[in-house]
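Structure, as structure tokens:
The values are calculated or read from the model by the stated rules, or taken from the named source; none is laboratory data. Only a predicted model underlies this, so the values are computations on that prediction, with no experimental measurement involved. We place every Cβ from the backbone using ideal geometry, glycine too, and count neighbours over all the protein chains shown. The accessibility values were calculated without ligands, DNA or RNA, using every heavy atom of the protein model including side chains. Shrake-Rupley method; radii C 1.70, N 1.55, O 1.52, S 1.80 Å.
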Amino acid sequence: MELRDQLFYRQSHIHDSISDGEAALAEEYCAKYMAFLSAARTERLAAAEAARLAREHGFTEFDRDLPLKPGDRVYRVIHGKMILLAVIGRDSLSEGAHICAAHIDSPRLDLKQLPLYEYHEVAYLKTHYYGGIRKYQWVNIPLELHGVVAMADSRTVTVNIGADPGDPVFVIADLLPHLGYKQSDQPLAKAIPGEKLNIIVGSHPLKGEDGGERVKLGVMKLLFDKYGITEEDFLSAELEAVPNMPVRESGLDRSLIAGYGQDDRVCAFAELEAIYETLDPQKTAVCILADKEEIGSVGATGMVSRAFDCFMGDLCDKQGVKLDHCYERSVCISADVSAAFDPSWPEVFDYRNSAKLNYGVGISKFTGKGGKSGSNDAGAELMGWLRGVFAENGVTWQYAELGKVDEGGGGTVAGYLGNRNIDTVDAGTPVISMHSPYELTAKYDCYMTYKAMKAVYDAK
Ligand code: MN
Ligand code: MN
């Protein structure tokens with residue numbers, strides 16, 4: 001062996017190293033992932049789809065009154081927007097659990113609480129964006145509406161407009177270039193102000209009505225006829241506009257997946273598929289699909305919430321184990337996407353430390369901004385353990401630092417698990433155009449993310 005082969009770190013493109021048999025498995029996995037991504041357009045829809053698939057795979061809703069034994073498969077949905085799953089291990093929880101944590105909320109446009117108005121005979125819905133979006137990317141694309149309207153009489157109405165091919169879709173209008181001279185001179189961040197992200201929902205005035213706001217009245221009547229809601233009901237609604245763009249294979253070689261919400265449903269599905277296939281593990285396997293990551297992980301359904309502690313505490317109680325004693329011996333993979341090196345924008349990446357498409361799941365020792373501010377910064381020992389686990393299980397992985405130092409930054413749920421004294425490291429799928437309405441991933445990387453989660457659940 002040449003000295004440089006012995007001493008230098010080498011990586012290979014997965015397409016060159018993967019067997020035909022495993023490439024077929026990757027295709028099969030990605031078809032399932034694309035179906036999940038198509039169904040899971042919002043955090044509520046993702047939690048519901050995860051629970052539905054979990055029941056198909058033998059999971060039952062956790063019941064505090066029933067005993068738990070090794071091999072049991074349980075889940076709990078938190079307020080419809082977060083889901084926790086576990087497969088009970090042969091070892092006591094005093095030996096720790098193997099946890100993977102992804103998030104199922106994605107950047108989007110939420111409707112304001114009083115969204116509907118009419119201006120110059122066009123009816124609009126006002127929005128308030130959720131998470132870190134680049135506003136100029138959300139104009140003049142087809143949008144669909146999802147969510148719930150909670151009525152004062154405790155009924156809940158589910159809204160879904162645009163996802164079915166026969167439905168109308170919605171558009172936010174940008175200026176035409178002919179009249180956009182002044183707007184074009186604005187910086188990107190200012191050219192589309194948040195208050196201009198207004199969704200057009202109608203233009204016909206209601207016939208036979210006198211008085212003003214007849215277009216708004218027409219829209220309100222359609223909503224009343226379909227859903228039985230009045231304008232006041234918007235006050236207790238959670239309605240989200242998300243891109244109406246089908247999840248598709250991308251590239252002539254079909255090597256990529258294009259779709260909305262891959263941050264972080266690509267890791268969420270990897271965890272799900274891994275825990276669905278986990279039977280009789282040595283360590284209790286735990287899958288967290290959290291909400292609210294994109295706005296700081298706060299609230300009852302975010303990773304800061306006691307909901308996770310409550311679920312783990314319930315599992316520990318069944319074995320007479322103290323929760324903190326379980327945590328201190330647990331490990332957690334914070335499964336969140338990283339930025340893939342983008343050859344069109346090489347100047348913002350440190351190529352050596354960036355994740356590349358088709359080189360596998362990306363591990364990040366740290367995230368954060370500036371001097372790693374806000375980062376979990378995993379210990380070297382955990383990184384070493386994970387390298388061993390991945391090597392044993394044929395997981396192709398790579399290092400993933402999010403861009404150049406001082407170019408920007410970001411965070412994940414890792415710190416909130418770390419704060420609980422759970423040894424935590426970030427690992428996830430590299431994504432191009434993260435947070436855009438149409439994100440790109442490489443199929444092989446999606447598949448390797450799933451293999452990574454499975455390897456962690458299977459680890460001794
Ligand atoms: Mn994320
Ligand atoms: Mn994100």
Pair-distance profile P(r), taking every C-alpha pair of the range 254-347, with 5 angstrom steps and integer %: 3, 10, 15, 20, 19, 13, 8, 5, 4, 2, 1, 0
Per-residue [θ]222 nm for the chain (sum of -39500 (n - 2.57) over DSSP H runs n ≥ 4, rounded to 500): -8500 deg cm²/dmol
Acute angle (nearest 10 degrees) that the helix 443-458 long axis makes with the longest principal axis of the chain, alpha-carbon atoms: 50 degrees
Segment residue 171-residue 306, extension gain: residue separation times 0.36 nm, minus the distance between their alpha carbons: 44.7 nm
Greater than 20 Å apart at Cα, pairs in 283/451; 365/460; 365/404: 365/460
Heavy-atom accessible surface of the range 163-209: percent carbon and sulfur, 1.4 Å: 59 percent
At R0 = 45 Å, FRET efficiency that the Cβ-Cβ distance of residue 134 and residue 382 yields, to 0.05: 0.85
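Starting from the Cα-Cα distance between residue 319 and residue 186, subtract it from 0.36 nm times their residue separation and give me the gain in nm to one decimal.
Going from the current span to full extension adds 41.8 nm.
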Partners for residue 356 among aspartates and glutamates (Cα-Cα distance below 17 Å; same-chain residues under 8 apart left out): 16, 263, 336, 342, 347, 401, 426, 439, 445
Accessible surface of residue 385 - all protein chains present, 1.4 Å probe, nearest 10 Å²: 80 Å²
The range 385-458 and the range 37-94: distance between their alpha carbon centers, rounded to Å: 22 Å
Computed P(r) (all Cα pairs; the range 290-329; 5 Å bins; percent): 6, 26, 22, 17, 16, 10, 2, 0
Surface accessible to a 1.4 Å probe, residue 359 within the full protein complex, Å²: 60 Å²
Calculated P(r) of the range 1-86 - Cα pairs past 23 Å, %: 51 percent
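How big is the Kirkwood radius of the range 305-460, worked out from every pair of different alpha carbons and given in Å to one decimal?
Working: mean 1/r = 0.0611 Å⁻¹.
This gives a value of 16.4 Å.
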Where 276, 438 fall by accessible area, highest first, once all protein chains stay in place (1.4 Å): 438, 276
Size of electric dipole in the chain: Cβ of Lys, Arg +1 and of Asp, Glu -1, about Cα centre, debye, nearest 20: 300 debye
Reachable lysines from residue 126, criterion Cα separation under 27 angstrom, eight or more residues apart if same chain: 81, 112, 135, 182, 190, 196, 207, 216, 221, 226, 292
Percent of Cα-Cα distances greater than 21 Å, calculated over the range 108-243: 45 percent
When the convex hull of its Cα atoms is projected in every direction, mean area for the range 298-355 (nm²): 6.3 nm²
Spin-label model distance (nm) - residue 405 vs residue 114, 7 Å beyond Cα toward Cβ: 5.1 nm
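Counting only DSSP beta bridges with both residues in the chain, tell me the antiparallel percent, nearest 5.
Looking only at bridges with both residues in the chain, the antiparallel portion is about 70 percent.
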Over the chain: Kirkwood hydrodynamic radius from C-alpha pairwise inverse distances, Å: 23.4 Å
